[in-house]
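Down below is the structure, laid out as structure tokens.
Every number in this text was worked out from the coordinates using simple rules, so none of it is lab data. Only a predicted model underlies this, so the values are computations on that prediction, with no experimental measurement involved. Cβ coordinates were reconstructed from backbone atoms using ideal geometry, including for glycine residues, and neighbour counts include every protein chain displayed.
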Amino acid sequence: MARSPQDRAAWLDLDPATRERLDFLDPEDFTVGPTAEGAAQWERFTAILDKAENYRPPH
């Protein structure tokens, strides 16, 4: 499957540690969908990932 520029950008937008955890997924198969809804879902997904990756428990 050919990836779109949106798919490439979405893959590269992932934190490198997240891409490592997704090593079972071939980057060439990674897609976020060509629709506005898909883009919005991706934005929500990356926001959640960013929040989780930056979470520091209270001491």
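Computed values, structure above
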item: Value at 222 nm in deg cm²/dmol, rounded to 500, when DSSP H runs of n ≥ 4 in the chain each add -39,500 (n - 2.57); result: -17500 deg cm²/dmol
item: For the chain, the fraction of alpha-carbon pairs in successive 10 Å shells from zero, as %; result: 21, 50, 22, 6, 1
item: Gain in span if fully extended, residue 47 to residue 23, counting 0.36 nm per residue against the direct Cα distance; result: 6.6 nm
item: Calculated FRET value between residue 36 and residue 56, using beta carbons and R₀ = 35 Å, to 0.05; result: 0.55
item: Contact order relative to length of the chain, as percent, for alpha carbon pairs under 8 angstrom and 6 or more apart; result: 37 percent
item: Tilt relative to the chain, helix 36-54 - C-alpha long axis, 0 to 90 degrees, to 10; result: 30 degrees
